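In what follows, a single structure is set out as structure tokens and then discussed.
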């Protein structure tokens, strides 16, 4: 007895290629989604690193200015702490976003389709 799959393929030879093309299209769409997620996650972490580095550099500069310039001659000494705090807070926000971000599992639609077939 011949399996019904082989009978279907013998009667409609393009059925297998169409099905394989549909799988390839689905896999390509899933791959593009995964790469988009990876790019956005990498961009968030790069922004976190850059803002953190800028904040640390500004903090070091502020500490040097605080050590060298007398407090009585500074018109706004609070700026020594506010200026580096802005990028450091931005880095903290980006790190929080990256840490709490939940992306859907990769190739979930492809797995679902495979399970249905």
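The values are calculated or read from the model by the stated rules, or taken from the named source; none is laboratory data. Keep in mind the model is a prediction, meaning the values are calculated, not measured. Backbone-built Cβ (ideal geometry, glycine too); neighbour counts: all protein chains shown.
Overview of results
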item: Which numbered condition residue 6 fails, given (1) within 24 Å of the chain's Cα centre (by Cα); (2) over 14 Å from residue 104 (Cβ atoms); (3) free of Cβ contacts under 8 Å to residues at least 24 places away in the same chain; result: (1)
item: Test result for residue 54, surrounded by 14 or more Cβ atoms within 10 Å (Cβ to Cβ) and more than 15 Å from the chain's Cα centre (by Cα); result: yes
item: Search result, residues across region 75-117 that are loosely packed, with under 13 Cβ neighbours inside 10 Å and outside any helix (DSSP H, G or I); result: 75, 76, 78, 101, 102, 103, 104, 105, 117
item: Odd one out for residue 107, checked against (1) at positive phi; (2) modelled with pLDDT of 95 or more; result: (2)
item: Selected residue (only one of 43, 26 is touching a residue at least 60 places away in the same chain (Cβ under 8 Å) and under 28 Å from residue 105 (Cα atoms)); result: 26
